[in-house]
Amino acid sequence: MLFNGIPLGLTAYGWGGVLAVVFSLYLTYSIGQRRAKNGKGTLGCLGVGYVFLVVTILVVLTSSITMGMASSLYKTTQLLINGERYTAQVVSYSSYESHDADAGTTTTMFTPTVEFFTSSGELVVHTLSYSSSNQPTIGDTLIVYYSELTGDSVSLGFTTFALFFGALIMMIVLVFAFWGVLLYVMNYKMDYYLRVVKYIGVYFFIPLVMILFDCLLIYAFFYGNEVPLFATGLLVFFILILTLGIWGYIKMILTHDMVWIQTGPRSWGANPVPKKTNKESSWVKRN
């Protein structure tokens, strides 16, 4: 049905796209208004187009990745709780060519297909939801969680967790960036936001990424697929090095304050300085 030439039969994704564009237009307009209010001049035609493009990409990526992560996490959690754990075997694989226009290279990507028998004797053939540049070996085994009630399955391995944590880190970065845009549009002072971003980045985000990656390596060591002995040795080596690095970094942030030093016109760097004792603290001044 049409109403003044506007289709009313849009899908939920279609209406979501329309709302994203409208919201991005509002954010772009609000950013231009704040710039003009602060005496930085108007955006101009090219400026409006550039800001609108960046804001639209940020809105779409933040909303889509957040909803995708929530949906994937819910499905995986349900399978881990209600499904059963099976050891599946690689029986075949498909391949396709991935082209990198920037680097001018072509990579062959492989998607394994595995099969396993359920507790009731049913043969299930499962194609993994991810691809990699490593050619699978027929007969390799991996862990799969499968629900006979729904017919859903998920494979848990190093690649699966790597993709999940990568998406999680990207989502956190996008959410903080989107939060900053909203604060700017609502005329909040950005000094506090920048201090929070720096604090979270140094004291939480960096150690969180290190800890998550270390847990990923530990998971691959205990529950990952079978690998040659030299690969296991490398895995143990990197686990030890990363664990020591995490311990050293946490010790540094607990015993040092981060002093931010401007390293360029628009760049800052954190310089660790030993924390002052109560006796030397500049907060307590004696007469």
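Select the helices (runs of 4 or more DSSP H) contained entirely in region 184-287, then report the ones holding at least 3 residues which are at pLDDT below 80, under 27 Å from the mean Cα position of the chain (by Cα) and farther than 29 Å from Ile143 by Cα.
Hits in region 184-287: 190-200.
When you scan region 41-52, do you find a residue that is farther than 16 Å from Val185 by Cα and under 27 Å from the mean Cα position of the chain (by Cα), even just one?
Yes, because at least one residue in region 41-52 is farther than 16 Å from Val185 by Cα and under 27 Å from the mean Cα position of the chain (by Cα).
Output the residue which, of all residues in region 67-101 that are touching a Leu at 6+ places or on another chain (Cβ under 8 Å) and in a helix (DSSP H, G or I), is farthest from Ser132 (Cα to Cα).
Ranking the candidates gives Asn82 first.
List pairs: first in region 12-31 and open to solvent by 90 Å² or more (accessible area, probe 1.4 Å), second not acidic (Asp, Glu), Cβ under 8 Å, 6+ apart or cross-chain?
Hits for this filter: Leu25/Phe52.
Do you know which residues across region 115-130 are of a type in the set (Ser, Thr, Tyr), open to solvent by 40 Å² or more (accessible area, probe 1.4 Å) and within 25 Å of Tyr219 (Cα to Cα)? Steps first, answer last, please.
Residues of region 115-130 of a type in the set (Ser, Thr, Tyr): 118-120, 127, 129-130.
Within this subset, residues satisfying the condition of being open to solvent by 40 Å² or more (accessible area, probe 1.4 Å) are 119-120, 127, 129.
Result: Thr127, Ser129.
Output the residue which, of all residues in region 151-175 that are in a helix (DSSP H, G or I) and of a type in the set (Val, Ile, Thr), is modelled with the lowest pLDDT.
Thr159
If a residue must be open to solvent by 60 Å² or more (accessible area, probe 1.4 Å), touching a residue at least 60 places away in the same chain (Cβ under 8 Å) and in contact with a strand residue (DSSP E or B) (Cβ under 9 Å, 6 or more places away or on another chain), how many such residues does region 184-222 contain?
Qualifying residue count for the region: 1.
The values are calculated or read from the model by the stated rules, or taken from the named source; none is laboratory data. Since this is a predicted model, take the numbers as computed values, not measurements. Quick reminder, even Gly has a Cβ in these numbers, built from the backbone with ideal geometry, and neighbours come from all protein chains shown. We work out accessible area using only protein heavy atoms, side chains counted, and drop any ligands, DNA or RNA first. Shrake-Rupley method; radii C 1.70, N 1.55, O 1.52, S 1.80 Å.
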